[in-house]
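My questions all concern the structure below.
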Amino acid sequence: MTLKQKTRDNFSDLLRSIDPSFELLGRLRSVPSVKTHISVIDQQLTDEQKNYALLNALLQVPAEIQELVMNGFMSFMSL
C-alpha cells in the first residue's frame, strides 16, 4: 500500500493521533518533499491544523519517493 493510500485511509485517525511537536517537525526537515512544507505547517495555530497541513503534505509526495518518505515519517513517529 502506498503512502498516499495509507494517509487517505487513516486520515481522521492520524489527524487526532499525531503530536506535531517541535521535535517531530524538526526531524521531518530531513524528509524529502515534506521539508518544503514545514514552514506552512509550523504557522498553523492549533495541533489539529498542523496535523491537517502535515497530512496534506504527505498526500503530495511524488510516487517515486513515497516509500522513503513513509519510512522516515514512521521512524520519527515511533521515537
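The values are calculated or read from the model by the stated rules, or taken from the named source; none is laboratory data. Since this is a predicted model, take the numbers as computed values, not measurements. Cβ atoms come from the backbone with ideal geometry, glycine included; neighbour counts cover every protein chain shown.
Can you give me the number of residues within the range 45-71 that are under 20 Å from D13 (Cβ atoms) and either assigned to a helix (DSSP H, G or I) or free of Cβ contacts under 8 Å to residues at least 12 places away in the same chain (or both)?
18
Right, something else. Working carefully through the options T7, T36, find the one that is in a helix (DSSP H, G or I), in contact with a helix residue (DSSP H, G or I) (Cβ under 7 Å, 6 or more places away or on another chain) and hydroxyl-bearing (S, T, Y). Even if it seems obvious, please write down each step before you answer.
On the way: T36 fails: in contact with a helix residue (DSSP H, G or I) (Cβ under 7 Å, 6 or more places away or on another chain).
The unique qualifying residue is T7.
Identify, please: which residue in the range 10-21 is touching a helix residue (DSSP H, G or I) at 6+ places or on another chain (Cβ under 9 Å) and either among the β-branched types (V, I, T) or in a helix (DSSP H, G or I) (or both) and is, among those, modelled with the highest pLDDT?
Here the residue is F11.
Determine, yes or no, whether V31 is at pLDDT below 95 and either assigned to a loop (DSSP other than H, G, I, E, B) or among the charged types (D, E, K, R) (or both).
On the way: at pLDDT below 95: yes; either assigned to a loop (DSSP other than H, G, I, E, B) or among the charged types (D, E, K, R) (or both): yes.
Yes: the conditions hold for V31.
Further question on the same structure: Here is a list of conditions, (1) modelled with pLDDT under 90; (2) surrounded by 16 or more Cβ atoms within 10 Å (Cβ to Cβ), and A57 meets all of them except one; can you say which number that is?
Failing condition for A57: (1).
List the number of the failed condition for D13; all other conditions in (1) under 18 Å from F76 (Cβ atoms); (2) of a type in the set (D, E); (3) in contact (Cβ under 8 Å) with a residue 24 or more places away in the chain hold.
Only one criterion is unmet by D13, namely (3).
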